1. So how far apart, in nm, are the two label points at SER283 and ASP182 if each is 7 Å from Cα heading toward Cβ?
2. Just the number, please: carbon plus sulfur as a percent of the accessible area of the range 82-212, 1.4 Å probe, no ligands or DNA/RNA counted.
3. Take the residue pairs LYS359/LYS388; LYS233/LYS417; LYS137/LYS332 and return only those whose Cα atoms are more than 26 Å apart.
4. For a quick protection proxy, order the peptides 142-152, 201-211 by their average other-Cβ count within 10 Å, most packed first.
5. Can you compute the charge dipole magnitude of the chain about its Cα centre, using +1 on each Lys and Arg Cβ and -1 on each Asp and Glu Cβ, nothing else charged? Give it in debye, rounded to the nearest 20.
6. Enumerate the aspartates and glutamates that LYS323 could reach by cross-link, defined here as Cα to Cα under 20 Å, with residues fewer than 8 away along the same chain left out.
7. Taking the Cα-to-Cβ direction at ARG15 and at MET209 and moving 7 Å from each Cα, how far apart do the two end points lie in nm?
8. Hey, can you rank 268-274, 66-72 by average C-beta count inside 10 Å, highest first?
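The values are calculated or read from the model by the stated rules, or taken from the named source; none is laboratory data. Please read all numbers here as calculations on a predicted model, not as lab measurements. Cβ: placed from backbone, ideal geometry, glycine included. Neighbour counts: every protein chain shown. Quick note on the areas: whole protein, heavy atoms, side chains included, nothing else; ligands and nucleic acids left out. Shrake-Rupley method; radii C 1.70, N 1.55, O 1.52, S 1.80 Å.
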Amino acid sequence: MKVKVLSRNPDDYVRETKQDLQRVPRNYDPALHPFEVPREYTRALNATKLDRVFAKPFVASLDGHRDGVNCMAKHPNSLSTVLSGACDGEVRIWNLMKRECTRTLLAHEGFVRGMCTRFCGTSFFTVGDDKTVKHWKMEAPAYGEAEEPLNTILGKTVYTGIDHHWKDPVFATCGHQVDIWDEQRTSPLCSLTWGVDSISSVKFNPIEMYLLGSCASDRNIVLYDMRQSTALKKVILDMRTNTLCWNPMEAFIFTAANEDFNLYTFDMRYLDKPVVVHMDHVSAVLDVDYSPTGKEFVSASFDKSIRIFPVDKGHSREVYHTKRMQHVITVKWTSDNKYILCGSDEMNIRLWKANASEKLGVLLPREKAAMNYNEKLKEKFQHHPQIKRISRHRHLPKMIYSQAREQRIMREARRRKEMNRRKHSKPGSVPLVSEKKKHIVAVVK
């Protein structure tokens with residue numbers, strides 16, 4: 001049997017006399033610098049600091065609405081066009097390059113509850129408190145023509161949300177139930193219902209386009225199959241889910257924005273527990289939208305802030321807030337993955353950079369190379385304590401900071417109480433429930 005032993009020659013590292021210098025093992029390859037890692041660490045540290053210095057995410061504010069912004073829609077073909085609906089029934093179409101409103105129309109009496117664009121971008125749909133679904137042309141009417149919808153459908157109950165199919169002339173509305181409509185007909189093709197409560201939001205899956213997800217006010221998230229005109233399954237949570245958004249890259253993944261301050265990313269095949277629980281908001285989460293890459297999403301909350309979460313992380317990488325911004329009701333991530341739009345209570349739409357310290361405009365090749373190099377350095381040293389601390393630090397409004405601290409203390413107290421109860425009970429009588437399973441009440445198929 002061979003035994004391998006480490007063999008070191010003392011002549012390589014032992015000093016002959018005490019006055020000799022310590023021998024440092026060195027690689028004499030001229031391509032390698034003797035202090036490469038310390039030098040790269042310093043560069044990574046400086047890049048991280050400069051990142052925070054240049055983090056100025058706010059780009060512009062679009063004002064003009066006379067009431068709170070309640071919903072928004074992106075144009076499928078034009079990056080510079082965005083639509084917004086307000087609480088006074090007004091719909092505005094904005095040009096983001098010029099930062100001005102190009103068209104205003106009074107669509108409904110009362111709130112505009114939801115809006116969506118047709119997949120070809122030639123028209124859009126709105127629903128409101130006046131129990132109507134209206135189909136509008138995207139182009140403004142010619143001079144002298146009246147501002148009239150292409151089609152109006154009068155329903156029996158108030159519609160609370162709308163979404164268009166990604167390829168077919170079909171759209172879905174929700175309210176008392178989920179209705180699937182053909183654009184050419186005034187009565188629904190089919191009505192989908194499970195339970196008797198009002199439904200607040202409905203969304204088509206962008207990949208498996210016959211799948212729909214909806215959120216009801218009896219704490220349900222229900223999945224439907226349009227081909228069979230039936231409900232597939234539903235998951236009941238502790239508190240009400242306000243809206244959901246499908247991942248544009250992974251067919252089975254969706255994220256739900258909940259009243260209990262959290263967001264839950266589910267795999268629709270395994271609804272018994274969420275894939276990730278995203279916890280950082282200190283008030284109800286009102287809206288969520290995915291980036292086109294499917295790797296991140298942005299959430300809007302009642303706590304007057306918006307946060308950007310990586311899909312696989314439980315905490316946000318970025319938080320945006322201003323002194324004037326009130327409760328954020330709606331949020332959208334632009335199709336070029338560069339900007340975020342949010343509409344809030346105080347009648348403004350704000351445009352933010354998705355990457356806070358990104359330089360806008362055309363980059364020179366040298367600038368691009370330096371930026372890529374710095375990104376790689378930050379990635380390499382991201383777990384070093386000093387770099388981690390600087391990159392994670394965010395200034396928060398006093399209200400959010402104090403509420404987050406209070407919730408942290410309460411969570412710790414609950415955990416301690418449960419631990420003590422388990423310690424002083426019969427083994428197995430107090431089961432250990434993971435954070436993911438805590439908030440799920442039941443899954444019904």
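1. With each label placed 7 Å out from Cα toward Cβ, I get 4.6 nm.
2. Working: 3090 of 6020 Å².
Here carbon and sulfur together make up 51 percent of the probe-accessible area.
3. Numbers: LYS359/LYS388 22 Å; LYS233/LYS417 35 Å; LYS137/LYS332 22 Å.
Over 26 Å Cα-Cα: LYS233/LYS417.
4. Those peptides, ordered most packed to least, come out 201-211, 142-152.
5. Details: 71 positive and 53 negative charges, 546 e Å.
So the dipole magnitude of the chain works out to roughly 2620 debye.
6. Within the straight-line cut-off, LYS323 pairs with ASP63, ASP67, ASP280, ASP303, ASP345, GLU346.
7. According to this spin-label approximation, the distance is 7.7 nm.
8. Numbers: 268-274: 15.7, 66-72: 20.0.
Result, highest mean first: 66-72, 268-274.
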